[in-house]
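Worksheet: the structure to be examined is printed underneath.
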Amino acid sequence: MSVVELRDLTKTFDGGVEALRGVDIRIDDGEMVAIVGPSGSGKSTLLQLIGCLDRPTSGEIHLGGRNISRDGDRRLSALRGREIGFVFQQFHLVDALSAVENVALPLLYQSSRRAERHRRAVAALERVGLGHRLHHRPAELSGGERQRVAIARAIVTEPSMILADEPTGNLDTATGAEIIDVFRMLHADGATVVIITHDREIAASMPRVIHLRDGRVEADPADAGPIERSIERSIEQPIEQPIEQEVPDGAACP
Ligand code: ADP
Ligand code: MG
């Protein structure tokens, strides 16, 4: 099933900047996708629209098979709280709160009891390998640890989709690779994961990379035409018939 389907999506900001100019993207349930592109190409705008943090100027956004483009604020924020976890480059943790208190914050909007919120926050921190840092404040944590806290906060509500906007942008290469491994683990456990990245190595390691430029999709392997798709299929499923037909010279398979 497609969790996300964007149809001819545009976003023009006040002042006339056309951040997105007709974007069609389909992301299936459980996919892991990287979004890359030059600064200003519309990556963050796109992620905010997928995550219901903003509304398109025109076009449609379907989440889980339902067109949410014209849903009201309350319905969108309920959907966001239930289905979507966000991770940002700047972590956006509350300095005055401990790790476990930061992670428990999204649960305040749900009706769970305090002890239950604490238990779930501890479990989320353990899942990202931070069970030993429950009571540290952000200032007492390294950059990589802060981002793990932010990821724990994103997953504490058990969303089906995790959206990350340059989550390794403030980290050194080795720490960034560890953070990407955390996203891989969440993906392996069934989450749909969409990551904006500037890092070529990280992008190259992703199963699908969508390239944006000037508010349009420049390249997306899922957009492969019928010929490319049939080649992909024949590579995946070896041809069963014996190949005895004459193949003209120069028409070798790729
Ligand atoms: P990226 O994340 O790829 O760097 P963005 O999606 O942040 O790109 O921005 C795309 C374009 O939209 C840029 O020209 C940016 O200046 C503009 N933009 C983004 N957010 C706003 C906003 N809130 N108001 C006006 N212009 C914006
Ligand atoms: Mg951006």
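The values are calculated or read from the model by the stated rules, or taken from the named source; none is laboratory data. Here the structure is a predicted model, which means the values were calculated and not measured. As a convention, Cβ positions derive from the backbone with ideal geometry for all residues, glycine included, and neighbour counts pool all protein chains shown.
Could you list, in sequence order, the residues of the range 174-211 that are out of contact with any Leu (no Cβ under 7 Å at 6 or more places or on another chain) and in a strand (DSSP E or B)?
First, the residues of the range 174-211 that are out of contact with any Leu (no Cβ under 7 Å at 6 or more places or on another chain): 174-178, 180-192, 195, 197-211.
Across the range 174-211, the qualifying residues are T192, I195, R208, V209, I210, H211.
Pull up the range 30-53, narrow it to residues that are of a type outside the set (G, A, S) and in a loop (DSSP other than H, G, I, E, B), then point me to the one that is farthest from ligand 1 (Cβ to nearest atom). Walk me through how you get there before you give the answer.
Start the filter on the range 30-53 by keeping residues that are of a type outside the set (G, A, S), which leaves 31-33, 35-36, 38, 43, 45-50, 52-53.
Narrowing the set further to residues that are in a loop (DSSP other than H, G, I, E, B) leaves 31, 38, 52-53.
Values: E31: 20, P38: 7, C52: 16, L53: 11 Å.
Selected residue: E31.
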Just to be sure before I move on: is A96 exposed (fewer than 15 other Cβ atoms within 10 Å of the Cβ) and away from ligand 2 (no atom under 16 Å from the Cβ) in the structure I sent? yes
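Every residue in the range 82-104 that is over 18 Å from L163 (Cα atoms) and either in contact with a strand residue (DSSP E or B) (Cβ under 8 Å, 6 or more places away or on another chain) or part of a helix (DSSP H, G or I) (or both), please. Don't jump to the end; show me each part of the working.
Of all residues in the range 82-104, those over 18 Å from L163 (Cα atoms) come to 94-102, 104.
Once the filter is applied, which keeps residues that are over 18 Å from L163 (Cα atoms) and either in contact with a strand residue (DSSP E or B) (Cβ under 8 Å, 6 or more places away or on another chain) or part of a helix (DSSP H, G or I) (or both), the range 82-104 yields A99, V100, E101, N102, A104.
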Of the candidates A219, A251, the one satisfying the condition of being at pLDDT below 95, surrounded by fewer than 22 Cβ atoms within 10 Å (Cβ to Cβ) and closer than 17 Å to I27 by Cβ is A219
Mind checking whether some residue in the range 121-144 is within 14 Å of V87 (Cα to Cα) and within 16 Å of ligand 2 (Cβ to nearest atom)? no
Looking at the structure I just gave you, is F88 buried (at least 21 other Cβ atoms within 10 Å of the Cβ) and within 20 Å of the chain's Cα centre (by Cα)? no
Free of Cβ contacts under 8 Å to residues at least 40 places away in the same chain, of a type outside the set (G, A, S) and more than 30 Å from E18 (Cβ to Cβ) - does that describe any residue in the range 212-224? no
Name the one entry in D24, D14, D95, D71 that is within 14 Å of ligand 1 (Cβ to nearest atom) and either at pLDDT below 95 or over 13 Å from the mean Cα position of the chain (by Cα) (or both). D14
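Can you confirm whether I50 is surrounded by 16 or more Cβ atoms within 10 Å (Cβ to Cβ) and more than 27 Å from G176 (Cα to Cα)? Write out each step before concluding.
Numbers: surrounded by 16 or more Cβ atoms within 10 Å (Cβ to Cβ): yes; more than 27 Å from G176 (Cα to Cα): no.
Answer is no for this residue.
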Counting only residues in the range 19-31 that are out of contact with any Gly (no Cβ under 8 Å at 6 or more places or on another chain) and surrounded by fewer than 21 Cβ atoms within 10 Å (Cβ to Cβ), the one nearest to E218 (Cα to Cα) is identified as D24
Of (1) closer than 12 Å to K11 by Cα; (2) away from ligand 2 (no atom under 16 Å from the Cβ); (3) assigned to a helix (DSSP H, G or I); (4) of a type outside the set (V, I, T), P56 satisfies all except one. Which? (3)
